[in-house]
Amino acid sequence: MPEDVEAATERLKERIYATITMISVVVGLSASDEVDAAGAAASVATAALGVWLAAVVADQQAHHTVAGRLATGRELRRLLHVSSPLLLAAVGPLILVGVAAIGAMPLTTALLTSAVVDIAALFGWGCLGGLRMGGGLPTALIAGVVDAAIGTAVATVKALAGH
């Protein structure tokens, strides 16, 4: 697989993982009566930053274990490029929390809207993947529904757990 395709593949994988994580975070926050917009923004940003830092550390440790040295230069730039979608997953929720902070919608609505948007994004990525598999529209829709079902399951479990 050419390096640019491989990097794009890894970036999308990271974005999907981060999106599922963010669904869990925002649904959990929406169930709290004690969180305000500032707290929600801090939680979303901290979750994204924590997941990103964990990925960077894990990638560096793996690189060091396999190559006998830390990634530097081009390897480090690629590692940071591939992991950056982990930070991007926080953008949508932070925008919606900002909208809630200015009073345009309740915070719970902003957080749940963020979860719905993320589930829709999972559906879209699944559909795109299904189309690229060559199976046509039926395959695309099945892949999209499977991805959205995973996001919905995460949101449902988090909501049923009450946190």
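The values are calculated or read from the model by the stated rules, or taken from the named source; none is laboratory data. Please read all numbers here as calculations on a predicted model, not as lab measurements. Here the Cβ positions follow ideal geometry from the backbone for every residue, glycine too, while neighbour counts run over all protein chains shown. For accessibility, only protein heavy atoms count, side chains too; no ligands or nucleic acids. Shrake-Rupley method; radii C 1.70, N 1.55, O 1.52, S 1.80 Å.
Quick notes on this one:
- Criterion applied to T46, T72 was being at pLDDT 90 or above, open to solvent by 60 Å² or more (accessible area, probe 1.4 Å) and of a type in the set (S, T, Y), and the one residue passing it is T46.
- Residue match in the stretch 111-126 (condition: in contact (Cβ under 8 Å) with a residue 24 or more places away in the chain, buried (at least 21 other Cβ atoms within 10 Å of the Cβ), under 24 Å from R11 (Cα atoms) and in contact with a Pro (Cβ under 6 Å, 6 or more places away or on another chain)): yes
- Meets criteria (part of a helix (DSSP H, G or I) and open to solvent by less than 30 Å² (accessible area, probe 1.4 Å)) for V56: yes
- Set S32, S83: member being among the hydroxyl-bearing types (S, T, Y) and crowded, with 19+ Cβ neighbours inside 10 Å: S83
- For the stretch 20-72, a residue qualifies if it is under 13 Å from L94 (Cα atoms) and of a type in the set (V, I, T), and the qualifying residues are I23, V25, V26, V44, T46.
- Here E6, E10 are screened, and the one residue that is in contact (Cβ under 8 Å) with a residue 60 or more places away in the chain, of a type in the set (D, E), more than 19 Å from T108 (Cα to Cα) and open to solvent by 30 Å² or more (accessible area, probe 1.4 Å) is E10.
- Tabulated pairs, the stretch 44-62, first acidic (D, E), second in a helix (DSSP H, G or I) and surrounded by 13 or more Cβ atoms within 10 Å (Cβ to Cβ), C-beta under 6 angstrom, 6+ apart or interchain: D59/L79
- Test for A62: is it farther than 30 Å from A148 by Cβ, modelled with pLDDT of 95 or more and either outside any helix (DSSP H, G or I) or not charged (D, E, K, R) (or both): no
- Taken over the stretch 93-103, the criterion of being under 15 Å from V51 (Cβ atoms) and open to solvent by less than 40 Å² (accessible area, probe 1.4 Å) is satisfied by P93 alone.
- Tabulated pairs, the stretch 130-143, first over 15 Å from A120 (Cβ atoms), second outside any helix (DSSP H, G or I), C-beta under 6 angstrom, 6+ apart or interchain: T139/M133
- Selection status of L137, open to solvent by 60 Å² or more (accessible area, probe 1.4 Å) and either among the small types (G, A, S) or under 17 Å from the mean Cα position of the chain (by Cα) (or both): no
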